[in-house]
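Let me begin by presenting the structure, written as structure tokens, before commenting on it.
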Amino acid sequence: MAKKINIIGLDEIPLIRQGDNLSKIIVETMKKEKVPIDDGDIIVIAQKIVSKAEGRTVKLRDVVPSEKAKKIALQTLKDPRLVELILEETKEIVKATSEIFIVENKKGIICINAGVDKSNVFGNDAYTLLPEDSDKSARELLSEIVKLTGKKVAVVICDTYSRPFRRGQVGFTIGIAGINPFIDYRGQKDLFNYTLKVKNTAIADEIASVAELVMGQGKEAIPVAIVKNLTRV
């Protein structure tokens, strides 16, 4: 029998606000859309709604830029207040030019603008920050979903990132709970009995990327996808 997986996007998730019970909203939306929740399901959640629920939204009008932010703003051609937001989330600056501002954020993620993002955020000067601890957020979401459903599932929090020497962006996992982020083939044999030495598949990132096919990045309004029948994890 041919192997297959199913990816189901939830398109009736309401606009999320600070303090919303995201786990409850996801479970209720699945019931509303008649999407069953089964053992082994992987619930992929866009970082944006996690940040909104956790109150990680900031208005530029409330930000006072430092002298360092003003100086970097001249290099990057960005609003000094936006630069200040980025610096507050940054551990180390990797590259700051008029074309791109790459940093290592406080959690060790190399990304553009420290994950500070304007897309799909209401308000002309409103931006979201990444969750303070995405793995913790995933664990809390998973714990609540398990309580509500009694099912053994997993949670992946995803975001989109650029890749070195490649154009465009793809989905990556920034928070995970309930599954191992890797499938380690090292020490196993291939078809011709060769012992694999370096193959360590980042399955969590592959899940995030495949879920993005139905979630989208614009006005699709599908911030949650359910991955079913994935037996490789």
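Simple rule: put +1 on each Lys or Arg Cβ and -1 on each Asp or Glu Cβ in the chain, find the dipole, and look at V35, I13, L74; the Cα lying farthest toward the positive end is V35. Please report the spacing between the Cα centers of segment 66-127 and segment 4-21 in Å, no decimals. Rounded to whole Å, the Cα centres lie 28 Å apart. Evaluating 6.51 cos²θ - 1.76 cosθ + 1.60 at θ = phi - 60° for every residue in segment 51-63, the Karplus couplings come out as 4, 4, 5, 8, x, 8, 10, 10, 9, 4, 4, 9, 9 Hz, glycine and proline recorded as x. For segment 51-172, the Kirkwood estimate of the hydrodynamic radius, built from every pair of different alpha carbons, is 15.8 Å.
Sparse packing (at most 16 other Cβ atoms within 10 Å of the Cβ) combined with a DSSP loop state is found for the following trypsin sites (Lys or Arg not before Pro) in segment 80-111: K106. Surface analysis of the chain yields an accessible area of 59 Å² per residue, using protein heavy atoms and a 1.4 Å probe. For segment 1-130, the carbon plus sulfur part of the accessible surface works out to 51%, probe radius 1.4 Å. Restricting the calculation to Cα atoms, every distinct pair contributes to the Kirkwood radius of the chain, found to be 19.1 Å.
Of the trypsin sites (Lys or Arg not before Pro) in segment 158-219, the ones in a loop by DSSP (not H, G, I, E or B) with at most 15 other beta carbons within 10 Å are R186, K197, K199, K219. Here the chain carries DSSP beta bridges of which approximately 85% are antiparallel, counting only pairs with both residues inside. Comparing segment 73-144 with the 2.2 N^0.38 Å rule of thumb, its C-alpha radius of gyration ratio is 1.22 (two decimals).
With the helix formula -39500 (n - 2.57) applied to DSSP H stretches of n ≥ 4, the chain reaches a computed 222 nm mean residue ellipticity of -8500 deg cm²/dmol.
Only Lys, Arg, Asp and Glu carry charge here, each on its Cβ (+1 for the first two, -1 for the last two); on that basis segment 106-228 has a dipole of about 420 debye about its Cα centre. Scaled to the globular estimate 2.2 N^0.38 Å, the Cα spread of segment 102-233, given as radius of gyration, is 1.21. Dipole magnitude for the chain: computed about the Cα centre from +1 point charges on Lys and Arg Cβ and -1 point charges on Asp and Glu Cβ, it is near 420 debye.
The amide H of F101, built 1.01 Å from its N in the peptide plane, has N113 as neighbours under 5 Å, considering only residues 5 or more places off or on other chains. Selection among I179, N105, L191 by position relative to the dipole of segment 83-197 gives L191 as farthest towards the positive end (Cβ unit charges, Cα centre).
Across the chain, C-alpha contacts under 8 Å between residues 6 or more apart give a mean separation that, scaled by the residue count, equals a relative contact order of 28 percent.
Within segment 183-224, report the GluC sites (Glu not before Pro) that DSSP leaves as loop and that have at most 11 other Cβ atoms within 10 Å. Answer by residue number: there is no such site.
A compact globular protein would have a Cα radius of gyration near 2.2 N^0.38 Å; the ratio found for segment 61-115 is 1.00.
Think of segment 105-177 as a dipole: +1 on every Lys or Arg Cβ, -1 on every Asp or Glu Cβ, centred on the Cα centre; then among L148, S162, T128, S162 lies furthest on the positive end.
The convex hull defined by the C-alpha atoms of segment 13-81 has an orientation-averaged projected area of 7.0 nm².
The values are calculated or read from the model by the stated rules, or taken from the named source; none is laboratory data. Just so it is clear, the structure is predicted and the values come from calculations on it, not from any experiment. Heads up, the Cβs are rebuilt from the backbone with ideal geometry, glycines too, and the neighbour counts pull from every protein chain shown. When the accessible area is computed, the model is the full protein with side chains, heavy atoms only, and any ligands, DNA or RNA have been set aside. Shrake-Rupley method; radii C 1.70, N 1.55, O 1.52, S 1.80 Å.
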